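Have a look at the structure below before the remarks.
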Amino acid sequence: MKFWKTEEWKNYLLNDGTGYIDCSFDGITLLQKDVEFYVPYLPDDHKTLNKIKEIAENYGIKRIQAESAIKSYLQIPSFTCIINPYDVNPTKGHKAAIKKGQKFLDYEIVNADKVNNFMDAYFEIAGKQTRPNQTFKILRHWIEYDYGTLIKAAEQGNTAGYAFILHYEGQAYYFMSCIYPEYQSLNVGHYIQHATFEVLRKKGICHYELGEQFYNSLTYQPTVKERNISLFKRGFGGEIVYKPRSEYFFDPDYMKQTYEQKIIKYLEAIR
């Protein structure tokens, strides 16, 4: 998504409680956490890559991960689900779930000044504060600048759940959501996605990324919850597409340690 290349996204990453330190240079967002770098977007050119090696050496960095396909880096298997809101083709089960939700629920677009209601619901459902308050101040800012839309589903006036959708230059992304457990039987998640398709069509957006699809691999073994989320997203149709992601180790010993741990986890998963 084009939004990942913006200063807005960089500002979010630096204020979402992830502990990143800003090491950006020449328009490249370079974020440090402990002994690793993270880059939302990285051009594959020698000058930039050599500069990063130089910075990594100065900062004692052992690995970098980038949301880009860099030929000299190791490629990380990654896939995402993308759907055209004008061409939704849900499974039979998803169609039935949406239909049930439509019987009991309605939705509304939440104004920026009501984002705190989303924050309160998010923490209440989680049972604790899982993100800094600054996150929701950023969401409010995104709504004000038309970078995002907050959708609320309700049953007879009672809030059942929320979903926040990012959108930028004709592309949209399913960013975050929360659903009250007592309304799960009404298929709130299915209904909110159905509402999202309608909202995005009104905005003329035909590229909607529902998010990562988790598959078992040497680099990562998804949890049961992550597998179920993947199935939920795939049920709306669309396409599963490759998502560029790669990594490079500046320290061979750190690479050996990292991949030994991955192999152990993989062997445990397939037993």
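Throughout, read-outs are computed from the coordinates displayed, never taken from laboratory work. Every value quoted in this text rests on a predicted model; they were computed, and no experiment measured them. Positions of Cβ are generated from backbone atoms using ideal geometry, with glycine treated the same way; all protein chains shown enter the neighbour counts.
The calculated FRET efficiency for the pair Gln102 and Lys5, based on their C-beta separation and a Förster distance of 35 Å, comes to about 0.40. If the segment from Gln156 to Asn15 were pulled out straight at 0.36 nm per residue, it would be longer than the present Cα-Cα gap by 47.2 nm. Here the chain carries DSSP beta bridges of which approximately 85% are antiparallel, counting only pairs with both residues inside. Each Lys and Arg Cβ is given +1 and each Asp and Glu Cβ -1; about its Cα centre, region 79-242 then shows a dipole of about 400 debye. Over all other residues within a Cβ to Cβ distance under 15 Å of Ile61, the charged ones net out to -3, with Lys and Arg as +1 and Asp and Glu as -1. The share of Cα pairs per 10 Å bin across the chain, counted from zero up to the longest distance, runs 6, 25, 33, 25, 10, 2, 0 percent.
The calculated 222 nm mean residue ellipticity attributable to helices in the chain amounts to -12500 deg cm²/dmol, summing -39500 (n - 2.57) over DSSP H runs of n ≥ 4 and dividing by all residues. Computed from label points 7 Å out along Cα-Cβ, the spacing between Asp251 and Tyr220 is 2.3 nm. Cα centroids of region 185-246 and region 29-43: 25 Å apart. When the C-alpha to C-alpha distance is required to be over 19 Å, the pairs from Lys5/Lys262; Lys10/Lys33; Lys92/Lys243; Lys103/Lys233; Lys62/Lys262; Lys225/Lys265 that qualify are Lys5/Lys262; Lys92/Lys243; Lys103/Lys233.
What FRET efficiency do you get for Glu144 and Val35 if R0 is 35 Å and r is their Cβ-Cβ distance, rounded to the nearest 0.05? E(calc), rounded to 0.05, equals 0.40.
Note on Gln129/Asn50: beta-carbon distance plugged into 1/(1 + (r/R0)^6) with R0 of 51 Å gives a FRET efficiency of 0.75. Here the average projected area of the convex hull drawn through the C-alpha atoms of region 124-179 stands at 4.5 nm². As a size descriptor, the averaged projected area of the C-alpha convex hull of region 83-229 was calculated at 9.8 nm². With a cut-off of 11 Å between beta carbons, the residues surrounding Phe250 carry a summed charge of -3, where Lys and Arg count +1 and Asp and Glu -1. To the nearest ten degrees, helix 224-234 and the longest principal axis of the Cα atoms of the chain are 60 degrees apart.
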